[in-house]
Amino acid sequence: MAHHGHEPQVTVLPPDKAKIKKLWTVAAILGAITGVEFIIAFTMPHGAAKTFIFVILTIVKAGYIVGEFMHLRYEVKVLFWAVLIPILFIVWMLVAFVYEGMKMPVFM
Amino acid sequence: MAHAATAVSEKSVWDGGTSPMGASYGKLMMWFFLLSDAFTFSGLLITYGLVRASHPAFEGLPGDFEFSTIHWPIPEKVFEAVPFLHGISLPLVFVGIMTFILIMSSVTMVLAVEAGHRMDRKAVEKWMLWTILGGLTFLGCQAWEWTHFIVGTDTATVKEVFNVETGVWDQIKITGANLHVNQYGPQDFADFFFFITGFHGFHVFSGVMFNFLIYYNTVTGVYERRGHYEMIEKVGLYWHFVDLVWVFVFTFFYLV
């Protein structure tokens with residue numbers, strides 16, 4: 001950009017109504033899922049089923065935040081997969097730790 | 001865009017001169033930094049789960065739950081206090097308010113990004129101020145929650161400690177928690193509370209600093225002169241990540 005002595009002329013575009021509406025919709029979905037989590041927290045007995053539901057709902061929320069707020073859904077496919085595929089290492093960490101943790105110590 | 005130009009020549013998009021990922025260097029580096037940060041938080045949360053599983057859980061109905069340094073506490077019995085409502089049991093209400101505050105500040109951040117795309121300086125300033133306010137409110141809530149956790153409840157938890165000199169089991173009373181004692185459960189529970197929420201809280205604190213920096217640059221017209229508001233996008237990615245981590249902390253520390 002060339003150097004001018006005065007402030008640059010900026011064209012301000014009007015708000016993208018459809019996009020803003022979508023962002024608020026995503027926020028409402030995140031709030032609603034959190035509300036559902038609260039209801040489940042106080043109505044369901046503790047156990048594997050409850051934990052499973054919480055994990056699913058958390059992944060759904062994470063999907064909305066990363067996909068919509070962080071815009072990853074709309075990025076180039078190479079970037080999308082470059083971010084998502086390494087998450088497999090976290091899955092590996094989880095599986096490996098749980099597997100090792102379930103082994104009986106030899107001295108028992 | 002950069003990808004369309006390569007269709008003309010037979011060169012691959014990876015041969016240089018284009019951006020194969022359709023994003024600037026700074027934005028890519030922010031993505032990969034966040035990926036590495038996700039590994040760190042996963043390490044903390046997975047370890048929390050394993051250590052919790054290696055301690056005995058409370059056997060019995062949630063209504064009969066009592067604090068003990070033997071069994072792992074039920075989170076909703078620990079986090080049930082709300083400011084100005086002392087003595088009233090409101091499980092997870094305060095942490096719910098904190099979750100709501102962080103989600104809202106994530107929305108105002110993405111609205112600031114949207115305003116930046118339109119070169120609308122006034123709107124960017126407005127939404128950035130809301131985002132900073134949300135971040136500061138969250139930090140204030142966390143300061144209160146930490147204080148409450150450290151000070152403890154009205155009734156002390158009794159812990160039996162073997163006295164080597166006298167050869168008998170002494171009963172000691174514990175209120176509150178720190179890295180030495182913990183009235184709510186095994187010591188590891190307090191340690192993980194401080195490390196996980198503390199590490200996340202420090203991310204929020206850094207985020208507020210970055211947010212203030214880009215707000216300052218917006219007000220002084222730095223991005224307007226630069227011709228784009230990409231800095232808002234980059235810091236926005238970081239801010240959304242902080243919200244994302246909280247979603248996981250909320251589930252695995254407070255709900256499960």
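Overview of values
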{"read-out": "Per-q log10 I(q)/I(0), chain A, q = 0.12, 0.16 Å⁻¹ (Debye; single scatterer per alpha-carbon; no solvent)", "value": "-0.73, -1.00"}
{"read-out": "Nitroxide proxy distance, nm - points 7 Å out along Cα→Cβ at A:Phe52 and A:Phe80", "value": "2.9 nm"}
{"read-out": "Mean Kyte hydropathy of 1.0 or more with a Cα span along the axis of at least 15 Å, helices from DSSP in chain B", "value": "B:25-53, B:93-117"}
{"read-out": "Where labels lie 7 Å past Cα in the beta-carbon direction, separation of A:Ala32 and B:Ile150 in nm", "value": "4.1 nm"}
{"read-out": "Shielding by partners, peptide A:69-77 (average Cβ within 10 angstrom, other chains)", "value": "6"}
{"read-out": "The range B:67-124 pair-distance distribution - Cα-Cα, 10 Å bins, rounded %", "value": "21, 26, 22, 16, 12, 3"}
{"read-out": "Sum of side-chain charges, B:Thr69 neighbourhood, beta-carbon under 12 Å (Lys, Arg +1; Asp, Glu -1)", "value": "-1"}
{"read-out": "Rh by Kirkwood over Cα pairs, then Stokes-Einstein D for the range B:97-186 at 1.567 mPa s and 4 °C, µm²/s", "value": "78 µm²/s"}
{"read-out": "Volume per residue that the Cα convex hull of the protein assembly as shown spans, once the total is divided by residue count, Å³", "value": "199 Å³"}
{"read-out": "FRET efficiency, 1/(1 + (r/R0)^6) with R0 30 Å, evaluated for B:Thr40 and B:His180 via beta carbons", "value": "0.75"}
{"read-out": "Estimated D of chain B in µm² per second, where Rh is the Kirkwood radius over Cα pairs and Stokes-Einstein applies at 25 °C, 0.890 mPa s", "value": "115 µm²/s"}
{"read-out": "Stretch gain in nm, segment B:Ile88-B:Asp170, where the contour uses 0.36 nm per residue and the Cα spacing is subtracted", "value": "26.3 nm"}
{"read-out": "Convex hull (Cα only) mean projected area of the range A:17-70, reported in nm² to one decimal", "value": "3.6 nm²"}
{"read-out": "Rotationally averaged projected area of the range B:16-110 (alpha carbon convex hull; nm²)", "value": "10.3 nm²"}
{"read-out": "Directionally averaged projected area (convex hull, Cα atoms, the range A:52-102), nm²", "value": "4.1 nm²"}
{"read-out": "Linear extension gain, B:Phe195 paired with B:Arg226, 0.36 nm per residue minus alpha-carbon span", "value": "7.2 nm"}
{"read-out": "Spatially proximal aspartates and glutamates relative to B:Lys159 (Cα-Cα < 20 Å; intrachain offsets below 8 disregarded)", "value": "B:Glu59, B:Asp64, B:Glu66, B:Asp170, B:Asp188, B:Asp191"}
{"read-out": "Simple spin-label estimate for B:Phe32 and B:Leu129 in nanometres, 7 Å along Cα-Cβ", "value": "3.9 nm"}
{"read-out": "For A:18-31, mean number of other protein chain Cβ atoms within 10 Å", "value": "3"}
{"read-out": "Tilt relative to chain A, helix A:87-102 - C-alpha long axis, 0 to 90 degrees, to 10", "value": "20 degrees"}
{"read-out": "Cα long-axis angle, helix A:48-64 against chain A (0 to 90 degrees, to the nearest 10)", "value": "10 degrees"}
{"read-out": "Ranked packing of A:17-30, B:191-204, most packed first, by mean Cβ within 10 Å", "value": "B:191-204, A:17-30"}
{"read-out": "Translational diffusion coefficient (Stokes-Einstein; Kirkwood radius from C-alpha pairs) of the range B:161-256 at 4 °C, 1.567 mPa s, in µm²/s", "value": "76 µm²/s"}
{"read-out": "Fewest-first ranking of B:Asp120, B:Asp15, B:Asp64, B:Asp37, using other Cβ atoms within 10 Å as the exposure measure", "value": "B:Asp64, B:Asp15, B:Asp37, B:Asp120"}
{"read-out": "Sites B:Tyr25 and B:His117, calculated FRET efficiency, Cβ-Cβ separation with R0 25 Å, nearest 0.05", "value": "0.80"}
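Values quoted throughout were computed directly from the atomic coordinates according to the rules given, and no laboratory measurement underlies them. Note that the coordinates shown come from a computational prediction; the quantities given were computed from them, not determined experimentally. Because the Cβ atoms are built from the backbone with ideal geometry, glycine has one as well, and the counts that use them run over all protein chains shown.
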